[in-house]
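A.B. asks: I have a structure I would like to understand better, so I am pasting it below and will then ask my questions one at a time.
The values are calculated or read from the model by the stated rules, or taken from the named source; none is laboratory data. Please read all numbers here as calculations on a predicted model, not as lab measurements. Every residue, glycine among them, receives a Cβ derived from its backbone with ideal geometry; neighbour counts consider all protein chains shown. Ligands, DNA and RNA are stripped out before the accessible areas are found, and what is left, the full protein with its side chains, is counted by its heavy atoms. Shrake-Rupley method; radii C 1.70, N 1.55, O 1.52, S 1.80 Å.
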Amino acid sequence: MMWENTPPRAVGWYLCAWAMGDGYVYEVAKWDGSSWFKSMAHEPTTWQEISSPAKQEQMLNELHQQDA
């Protein structure tokens, strides 16, 4: 998944990152369609969508079926 820096299109949970010196601080935050629900005071520098465990398991099952 690619890191994004424009507002997400869909409501949901995202892995967010804030630039801090030469690295980043990470937090899971929720986008409600207009703002972030997070513990950090500032808006995230960048974010990426989080795949749920169920979605990841489905993807793996589909890959295994293709290999069979």
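A.B. asks: Taking the Cα atoms of region 26-65 alone, what are Rg (to one decimal) and Dmax (as a whole number) in Å?
C.D. replies: 14.4, 45
A.B. asks: What number comes out for accessible area per residue over the chain if the probe is 1.4 Å? Units Å², please. Numbers along the way, then the final one.
C.D. replies: Numbers: 5410 Å² over 68 residues.
Value returned for the chain: 80 Å² of accessible area per residue.
A.B. asks: Something else now. Run the dipole for the chain about the Cα centre, Lys and Arg Cβ at +1, Asp and Glu Cβ at -1, nothing else charged, and hand back the magnitude in debye, nearest 20.
C.D. replies: Here the chain has a charge dipole of around 200 debye.
A.B. asks: In addition: Can you pull the percent of the chain's accessible area that's carbon plus sulfur, 1.4 Å probe, other chains left in place?
C.D. replies: 54
A.B. asks: Top to bottom by accessible area (1.4 Å), largest first, where do LEU60, LEU15 land?
C.D. replies: Sorted by accessible area, descending: LEU60, LEU15.
A.B. asks: Using 0.36 nm per residue of separation minus the Cα-Cα distance, give me the extension gain between ASN5 and LYS30 in nm, one decimal.
C.D. replies: In short, 7.5 nm is gained.
A.B. asks: For the chain, what's the radius of gyration and Dmax over Cα atoms, in angstrom?
C.D. replies: Looking at the chain, its Cα Rg and Dmax stand at 14.9, 49 Å.
A.B. asks: Sorted by accessible area with a 1.4 angstrom probe, largest first, how do TRP36, TRP3 fall? Could you put the intermediate results ahead of the total?
C.D. replies: On the way: TRP36 30, TRP3 105 Å².
Ranking TRP36, TRP3 by accessible area, largest first, yields TRP3, TRP36.
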